[in-house]
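Only one structure is covered here, and it is reproduced in the block below.
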Amino acid sequence: MSVLSNRRLVRRTVQLFLGLILYGVSMALMVESGLGLNPWDVLHQGLSRTLGLSIGTVVIIIGAVVLLLWIPLRQRPGFGTIANIFVIGFAIDAALLVLPTATGLPLRIAFLAAGVLFNGLATGLYIGSRLGPGPRDGLMTGLRARLPRVSLRVIRTGIEVLVLATGFLLGGTVGIGTVVYALAIGPLAQFFIPRCTVRPAAAEPVGVRPQ
């Protein structure tokens, strides 16, 4: 492996872990805001309250269960897929230990806004590292491959409605933050992913060093 390839791999690995840690922090900010979570986190929080486990532990358990669903779908996880399961879970629990309690509405709104923004950036970082999709992303693309007549939008919407409803019934927080996230995450991901994606070596002009 060339020196340039080694540097590229180091950058991709560092970017992956920064993205996953930031993703966990963004989740913790939204939890502390108390204004609503994204569908998967509504499920995570609902299970956390029902089972008496930390939300990070539930994130790890659900990630592992979803990864098992890849087997019949014949999806292959990457290094980033495995890291996704554990790093985000540990990061959200660590962030919840150090974040102050949001007592007033202005601080809660600030936590929500920061959480959504950081989530978009984190998505760009970990996807842009090109080291493997998250378990939940792979589930959607795997189902799309098995159900070619069904659009990815329909599959994603179906999954998220199911986990949102289940999480709500288990006591997860659904609110204005859930709506804000749903409206904002698409544009944020579209903005950050191209800017954070590490280009393949073959696509890079000769003599240009990776930034």
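In region 60-83, which residue that is touching a residue at least 24 places away in the same chain (Cβ under 8 Å) and farther than 16 Å from Met140 by Cα is most open to solvent (accessible area, probe 1.4 Å)? Top of the filtered list is Phe79. When you scan region 84-101, do you find a residue that is touching a residue at least 24 places away in the same chain (Cβ under 8 Å), part of a helix (DSSP H, G or I), within 15 Å of Asp41 (Cβ to Cβ) and open to solvent by 50 Å² or more (accessible area, probe 1.4 Å), even just one? No: region 84-101 contains no residue that is touching a residue at least 24 places away in the same chain (Cβ under 8 Å), part of a helix (DSSP H, G or I), within 15 Å of Asp41 (Cβ to Cβ) and open to solvent by 50 Å² or more (accessible area, probe 1.4 Å).
Taking the criterion of being closer than 22 Å to Gly128 by Cα, of a type outside the set (Gly, Ala, Ser) and open to solvent by less than 10 Å² (accessible area, probe 1.4 Å), the residues of region 16-37 that qualify are Leu16, Leu20, Met27. Take Thr57 and decide whether it is over 25 Å from Ala182 (Cα atoms) and touching a residue at least 24 places away in the same chain (Cβ under 8 Å). Considered against the rule, which asks whether it is over 25 Å from Ala182 (Cα atoms) and touching a residue at least 24 places away in the same chain (Cβ under 8 Å), Thr57 comes out as no. Tell me, which residue of region 65-108 that is modelled with pLDDT under 90 and basic (Lys, Arg) is nearest to the chain's Cα centre (by Cα)? Result: Arg76.
If you go through region 74-85 one residue at a time, do you hit one that is out of contact with any helix residue (DSSP H, G or I) (no Cβ under 8 Å at 6 or more places or on another chain), over 15 Å from Pro133 (Cα atoms) and of a type outside the set (A, V, I, L, M)? No; the residues of region 74-85 include none that is out of contact with any helix residue (DSSP H, G or I) (no Cβ under 8 Å at 6 or more places or on another chain), over 15 Å from Pro133 (Cα atoms) and of a type outside the set (A, V, I, L, M). Scan region 24-40 for residues that are farther than 15 Å from Ala95 by Cα and assigned to a helix (DSSP H, G or I) and the total you get is 2. Going residue by residue through region 41-52, is there one that turns out to be closer than 24 Å to Ser129 by Cβ, of a type outside the set (A, V, I, L, M) and in a helix (DSSP H, G or I)? There is at least one residue in region 41-52 that is closer than 24 Å to Ser129 by Cβ, of a type outside the set (A, V, I, L, M) and in a helix (DSSP H, G or I).
Close contacts from region 167-181, counting a first residue that is aromatic (Phe, Trp, Tyr) and a second that is part of a helix (DSSP H, G or I), with Cβ to Cβ under 8 Å and a gap of 6+ residues or different chains, come to Phe168/Val42; Phe168/Gly46; Tyr181/Met30; Tyr181/Val116; Tyr181/Asn119.
Of a type in the set (Val, Ile, Thr), in a helix (DSSP H, G or I) and surrounded by fewer than 18 Cβ atoms within 10 Å (Cβ to Cβ): does that describe Val10?
Numbers: of a type in the set (Val, Ile, Thr): yes; in a helix (DSSP H, G or I): yes; surrounded by fewer than 18 Cβ atoms within 10 Å (Cβ to Cβ): yes.
Spelling it out, Val10 is indeed of a type in the set (Val, Ile, Thr), in a helix (DSSP H, G or I) and surrounded by fewer than 18 Cβ atoms within 10 Å (Cβ to Cβ).
Restricted to region 155-194, and to residues there that are under 23 Å from Leu47 (Cα atoms) and aromatic (Phe, Trp, Tyr), the residue that is most open to solvent (accessible area, probe 1.4 Å) is Phe168.
The values are calculated or read from the model by the stated rules, or taken from the named source; none is laboratory data. All values reported here derive from a predicted model rather than from experimental measurement. Methodologically, a virtual Cβ is constructed for each residue, glycine included, from the backbone with ideal geometry; neighbour enumeration extends over all protein chains shown. To get the accessible areas, we keep the full protein, side chains included, count just its heavy atoms, and leave off ligands, DNA and RNA. Shrake-Rupley method; radii C 1.70, N 1.55, O 1.52, S 1.80 Å.
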